[in-house]
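Participant: Take a look at the following structure, please.
The values are calculated or read from the model by the stated rules, or taken from the named source; none is laboratory data. Owing to the predicted nature of the structure, the values given are computational and were not obtained by experimental measurement. All Cβ positions, glycine included, derive from the backbone under ideal geometry; neighbour counts span all protein chains shown. Ligands, DNA and RNA are stripped out before the accessible areas are found, and what is left, the full protein with its side chains, is counted by its heavy atoms. Shrake-Rupley method; radii C 1.70, N 1.55, O 1.52, S 1.80 Å.
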Amino acid sequence: MSITLDLSRVSNAPAVKAPVNLSGLTRAGLRQALIDAGVCPPEKAKMRASQVWSWIHHYGVTDFAAMSNVAKDMQARLAEHFTLTRPEIVERQVSKDGTRKWLIRTAPGIEIETVYIPDVGRAGALCVSSQVGCTLNCTFCHTGTQKLVRNLTAAEIVAQVQVARDDLEEWPSPKEDRRLSNIVFMGMGEPLYNLDNVSDAIDIISDNEGIAISRRRITVSTSGVVPMIPELGERTGTMLAISLHATNDPLRDVLVPLNKKYPLDQLMAAIRAYPGLGNAKRVTFEYVMLKGVNDSPEEARALVKLIQGIPAKVNLIPFNPWPGTDYQCSDWKTIEAFAAILNRAGYASPIRTPRGRDILAACGQLKSESEKLRASAIRKAEQAAA
Ligand code: SF4
């Protein structure tokens with residue numbers, strides 16, 4: 001059989017480059033971008049970048065025309081070369097308990113989940129994603145069942161904070177009485193596999209003349225990419241969280257398969273060396289409670305031994321089952337008994353209250369649910385058309 005290729009509709013026009021979104025540039029990057037685009041001469045770039053920065057990150061504007069202390073001709077040059085457009089919000093849900101969740105589309109096929117949880121941290125925490133999907137296949141995690149599509153850019157990470165701030169009506173960036181006070185990189189993906197963009201996004205989010213969320217209120221959670229942990233500390237100065245879930249290698253190899261590459265002794269050594277650890281900067285260990293798997297009193301005692309000497313707290317996370325998983329959540333009494341052993345050893349060990357269950361706020365759930373709904377809508381439309 002011969003195949004003929006129809007090339008008549010293939011365009012020879014050069015691909016149009018999407019304008020750069022200024023929200024994802026660090027201060028230094030913004031300065032350079034203004035110079036490179038000829039928006040202003042190099043000797044004025046620092047001052048101009050500072051003005052533009054304040055409009056983007058303090059006032060949250062999305063239109064260059066709103067930058068009232070920037071001359072009209074410069075506004076026009078900015079609009080010609082750059083954009084401040086927010087991504088599309090595919091779905092927005094608000095739970096009975098105040099949890100808010102957005103499914104954000106930043107580009108075709110690039111959909112990100114972001115969740116705001118009130119009354120966490122000082123006032124409320126935003127759980128941001130660093131990748132679309134994940135490569136790591138932790139067996140208890142729903143996101144682990146979704147293939148990695150790609151790393152998010154710094155602009156896409158910052159956009160999650162901007163979308164939340166828009167929705168919470170927190171522009172200009174308030175210094176006090178904020179609803180969004182903390183950021184946790186605990187959404188989709190492994191942040192340390194995207195450290196360049198995560199680090200740029202943290203520089204932007206923590207800048208005092210912008211969104212101004214202190215590095216002490218930003219937590220980056222890793223499943224244990226040991227070689228990158230020192231670099232995370234040096235580059236970002238943020239709080240460290242470890243997705244631990246087991247106290248011995250054989251079990252952790254199953255729950256967090258990355259453990260086969262970086263076993264517990266290496267992981268614990270990297271944690272102990274994390275810069276600046278002390279009572280004001282404690283490591284958070286995340287421990288998902290899986291019935292009959294990792295929830296015995298012996299496990300709790302082994303955990304105390306494992307983390308001995310590390311300024312730490314342990315977040316106990318009741319497992320939130322998802323379709324297709326074999327794991328079950330530990331009984332409440334078992335979780336409390338586990339927490340009591342940690343508490344007696346001097347470790348704060350809050351049991352995370354399940355939040356936003358009515359809106360599928362667990363990591364990975366909204367995206368796959370909305371994909372399922374869309375697929376079924378498409379199927380129905382196709383059937384109707386047939
Ligand atoms: S727990 Fe984190 S690192 Fe592991 S599969 Fe889920 S998203 Fe990836």
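Participant: Can you pull out the residues in the stretch 231-245 that are within 13 Å of the ligand (Cβ to nearest atom) and of a type outside the set (Val, Ile, Thr)?
Facilitator: From the stretch 231-245, those within 13 Å of the ligand (Cβ to nearest atom) are 241-245; that's our starting set.
Across the stretch 231-245, the qualifying residues are Ala241, Ser243, Leu244, His245.
Participant: Still on this structure: For the stretch 233-340, which fully contained helices (runs of 4 or more DSSP H) count at least 2 residues that are open to solvent by 30 Å² or more (accessible area, probe 1.4 Å) and more than 30 Å from Asp200 (Cβ to Cβ)?
Facilitator: By residue number, 249-255, 297-307.
Participant: If you don't mind, another one. Quick one: in the stretch 213-223, which of the residues that are part of a loop (DSSP other than H, G, I, E, B) and touching a residue at least 24 places away in the same chain (Cβ under 8 Å) is nearest to Arg235 (Cα to Cα)? Steps first, answer last, please.
Facilitator: As a first pass, look at the stretch 213-223 and keep what is part of a loop (DSSP other than H, G, I, E, B): 213-214, 223.
Then keep just the ones that are touching a residue at least 24 places away in the same chain (Cβ under 8 Å); that gives 213, 223.
Details: Ile213: 16, Ser223: 18 Å.
It comes out as Ile213.
Participant: Right, here's the next one. Would you mind telling me which numbered condition in (1) modelled with pLDDT of 90 or more; (2) within 16 Å of the ligand (Cβ to nearest atom) Ser368 fails?
Facilitator: (1)
Participant: Could you tell me which numbered condition Pro321 fails, if it satisfies all but one of (1) modelled with pLDDT of 90 or more; (2) closer than 22 Å to Ser129 by Cβ; (3) not aromatic (Phe, Trp, Tyr)?
Facilitator: Single failed check for Pro321: (1).
Participant: Scan the strands (runs of 3 or more DSSP E) fully inside the stretch 97-212 and keep the ones with 3 or more residues being more than 16 Å from the ligand (Cβ to nearest atom) and touching a residue at least 12 places away in the same chain (Cβ under 8 Å).
Facilitator: Hits in the stretch 97-212: 100-107, 110-118, 124-127.
Participant: If I filter the stretch 213-222 down to residues being open to solvent by less than 10 Å² (accessible area, probe 1.4 Å) and within 16 Å of the ligand (Cβ to nearest atom), which single residue comes out as farthest from the chain's Cα centre (by Cα)? Write out each step before concluding.
Facilitator: Initial filter on the stretch 213-222 (open to solvent by less than 10 Å² (accessible area, probe 1.4 Å)): 213, 218, 220, 222.
Those left that are additionally within 16 Å of the ligand (Cβ to nearest atom): 220, 222.
On the way: Val220: 8, Thr222: 11 Å.
Of everything passing the filter in the stretch 213-222, Thr222 is farthest from the chain's Cα centre (by Cα).
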